[in-house]
1. Against the conditions (1) over 26 Å from the mean Cα position of the chain (by Cα); (2) at pLDDT below 95; (3) not basic (Lys, Arg), where does Gly326 fall short? Just the number, please.
2. Looking at Tyr90, Tyr98, Tyr126, can you tell me which residue is touching a helix residue (DSSP H, G or I) at 6+ places or on another chain (Cβ under 6 Å) and closer than 30 Å to Gln159 by Cα?
3. Please enumerate the residues belonging to the stretch 125-147 that are in contact with a strand residue (DSSP E or B) (Cβ under 9 Å, 6 or more places away or on another chain) and either of a type in the set (Gly, Ala, Ser) or outside any strand (DSSP E or B) (or both).
4. Can you spot a residue in the stretch 203-220 that is touching a Gly at 6+ places or on another chain (Cβ under 8 Å), surrounded by 19 or more Cβ atoms within 10 Å (Cβ to Cβ) and within 30 Å of Leu19 (Cα to Cα)?
5. Just one of Ser64, Ser27, Ser6 is among the hydroxyl-bearing types (Ser, Thr, Tyr) and either within 20 Å of Ile143 (Cα to Cα) or in contact with a helix residue (DSSP H, G or I) (Cβ under 8 Å, 6 or more places away or on another chain) (or both); which is it?
6. Does the stretch 297-317 contain any residue that is without any contact (Cβ under 8 Å) to a residue 12 or more places away in the chain and within 29 Å of Asp236 (Cβ to Cβ)?
7. Would you tally the residues in the stretch 384-405 being surrounded by 20 or more Cβ atoms within 10 Å (Cβ to Cβ), in contact (Cβ under 8 Å) with a residue 60 or more places away in the chain and β-branched (Val, Ile, Thr)?
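The values are calculated or read from the model by the stated rules, or taken from the named source; none is laboratory data. For clarity, every value in this text was computed on a predicted model and none was experimentally measured. Cβ coordinates were reconstructed from backbone atoms using ideal geometry, including for glycine residues, and neighbour counts include every protein chain displayed.
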Amino acid sequence: MTIAQSGSTILVSVTYGTLKHYYAARSGENNVYVWTNKADTSVSATRYIVRVKAGLFLNDEPDSYTYAPTTVEAADVFAKADGQTRSKHYSKLRVVDYDYIGWSTGAVGLWMVRSNHEKASGGPFYRSLLRHQSADGGGLYEILYYGENQTEAQRFGLQGPYVIAFTDGGAPSSSLYPGNLTTSWADSLGIFGYVAAGGRGKVAGVGISGRNTAYAYTVGLANSAAQYWGSARSSDGYFSIAGVLPGTYTLTVFKGELSVHSASVTVTAGATTTLNTITIPSSNDPGNASAIWRIGTWDGTPSGFKNAALMTYAHPSDPRAAAWTGNVVIGSGGETSSFPAYIWKDVNSGLLVYFKLTAAQAAAAHTLRIGVTTAYANGRPRVTVNDWVSAIPSPPTQPSTRSLTVGSYRGNNYTFTYSVPAAAWLTDTSQYNVLKIDVVSGSGTTAYLSAGTSIDALDLLA
């Protein structure tokens with residue numbers, strides 16, 4: 001460890017094996033700036049934790065289990081006396097949703113202001129633990145690489161700064177937020193792997209056409225070395241992403257959390273790469289396809305389905321959750337809100353969808369689609385339509401860790417398609433056809449840790 005002063009800045013440098021860690025404090029500021037340089041896999045899961053003394057910020061938020069004595073799952077999901085569940089995993093938030101996390105007593109505030117996550121993994125919609133509070137104390141987290149629900153390999157190099165901010169009870173200054181923070185004062189500190197603003201570039205897009213304006217669109221940049229993202233303007237799709245390390249990136253346009261376009265873009269230091277209007281082909285958005293019926297919306301999330309919002313901050317066994325059953329009748333109204341966001345092999349497999357077809361529709365083959373956002377233990381849907389049974393589909397690549405029980409539906413979006421022959425339909429148009437959805441897998445255990453999957457949307461194409 002070394003301590004050095006440069007003008008009004010003191011830098012503490014710590015080296016442990018191939019890991020290099022830095023703390024910077026500046027005169028007149030109540031902030032500590034932190035960088036971490038992870039060089040290789042000799043360090044696995046990496047997170048920085050601010051440990052907080054017990055009793056300082058008592059609360060009963062979803063990520064606080066101070067008052068939850070009963071273990072529900074593993075050693076990190078707990079229940080209160082009334083059954084409500086608590087866990088450090090239940091943050092509710094995606095990375096893109098927050099700039100800082102922490103607590104305030106009203107007179108004192110302790111905050112972790114996140115970095116831009118350029119060396120993290122998982123993209124803008126990644127969900128992970130952000131803080132916890134228990135009888136033993138609390139913790140605030142900056143996730144560098146956490147093995148849970150990861151959809152990408154870990155990245156190496158310097159991440160930061162992330163900022164530990166102390167206030168008189170209010171929120172940290174917005175000047176510290178990712179995208180706002182400037183650190184020219186750190187350019188000459190000798191932080192290993194540090195790239196100043198002049199060594200970075202920018203990507204700007206004139207606009208995006210082919211959008212469904214009912215949804216928010218995000219533009220992401222990613223390669224093996226770094227990741228970035230920015231919001232597309234609702235009026236025309238204009239976007240700008242600054243502070244990008246030089247290199248060639250895959251640019252992805254997301255409708256909600258669903259990828260609907262990708263391209264390659266090269267960024268050079270000190271320059272802006274300007275892109276002409278990006279056109280999203282209509283066929284790239286599954287929501288544009290003509291459907292006889294549709295449950296949910298194709299946005300890459302289970303939003304709108306039963307219990308979807310609750311599951312980002314509670315366990316599926318929580319008494320606040322509605323029953324995980326949910327057979328629906330097309331045309332009855334409320335089909336999406338009545339259909340469970342998650343389906344497990346050992347809990348609610350065998351869900352039924354009832355629907356009628358016209359004579360013309362029943363005379364033709366149709367494609368059934370089921371979009372999923374993640375799966376646990378290779379859970380995937382096998383369908384039965386009346387007397388016709390589909391083949392068992394192969395499992396797509398998904399994170400191998402817990403997901404559905406620890407506040408995250410975020411995995412790899414995937415669409416299962418089933419070609420249902422005309423012979424499968426009932427010819428009596430007054431009768432309901434019955435779609436049965438079973439979760440199949442040879443893995444998983446029981447109950448909510450049995451094989452399962454999270455639903456984005458399902459439809460029967462015209």
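1. The number of the failed condition is (1).
2. On the way: Tyr90 fails: touching a helix residue (DSSP H, G or I) at 6+ places or on another chain (Cβ under 6 Å); Tyr98 fails: touching a helix residue (DSSP H, G or I) at 6+ places or on another chain (Cβ under 6 Å).
Going through Tyr90, Tyr98, Tyr126 in turn, just one is touching a helix residue (DSSP H, G or I) at 6+ places or on another chain (Cβ under 6 Å) and closer than 30 Å to Gln159 by Cα: Tyr126.
3. Let us first name the residues in the stretch 125-147 that are in contact with a strand residue (DSSP E or B) (Cβ under 9 Å, 6 or more places away or on another chain), namely 125-134, 137-146.
Passing the criteria: Phe125, Tyr126, Ser128, Leu129, Leu130, Ser134, Gly137, Gly138, Gly139, Tyr146.
4. Looking for residues that are touching a Gly at 6+ places or on another chain (Cβ under 8 Å), surrounded by 19 or more Cβ atoms within 10 Å (Cβ to Cβ) and within 30 Å of Leu19 (Cα to Cα), one finds at least one in the stretch 203-220, hence yes.
5. On the way: Ser27 fails: either within 20 Å of Ile143 (Cα to Cα) or in contact with a helix residue (DSSP H, G or I) (Cβ under 8 Å, 6 or more places away or on another chain) (or both); Ser6 fails: either within 20 Å of Ile143 (Cα to Cα) or in contact with a helix residue (DSSP H, G or I) (Cβ under 8 Å, 6 or more places away or on another chain) (or both).
One residue alone meets the criteria, Ser64.
6. Of the residues in the stretch 297-317, the ones without any contact (Cβ under 8 Å) to a residue 12 or more places away in the chain are 309-310.
Right, trim to within 29 Å of Asp236 (Cβ to Cβ) and you get none.
The answer is no; no qualifying residue exists.
7. Within the stretch 384-405, residues that are surrounded by 20 or more Cβ atoms within 10 Å (Cβ to Cβ), in contact (Cβ under 8 Å) with a residue 60 or more places away in the chain and β-branched (Val, Ile, Thr) number 1.
Quick grid of which residues meet (1) surrounded by 17 or more Cβ atoms within 10 Å (Cβ to Cβ); (2) closer than 30 Å to Thr213 by Cβ; (3) touching a residue at least 60 places away in the same chain (Cβ under 8 Å); (4) touching an Asp or Glu at 6+ places or on another chain (Cβ under 9 Å):
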{"site": "Ile295", "(1), (2), (3), (4)": "yes, yes, yes, yes"}
{"site": "Thr325", "(1), (2), (3), (4)": "no, no, no, no"}
{"site": "Trp344", "(1), (2), (3), (4)": "yes, no, yes, no"}
{"site": "Tyr354", "(1), (2), (3), (4)": "no, no, yes, no"}
{"site": "His366", "(1), (2), (3), (4)": "yes, yes, yes, no"}
{"site": "Val372", "(1), (2), (3), (4)": "yes, yes, yes, yes"}
{"site": "Arg382", "(1), (2), (3), (4)": "yes, no, no, yes"}
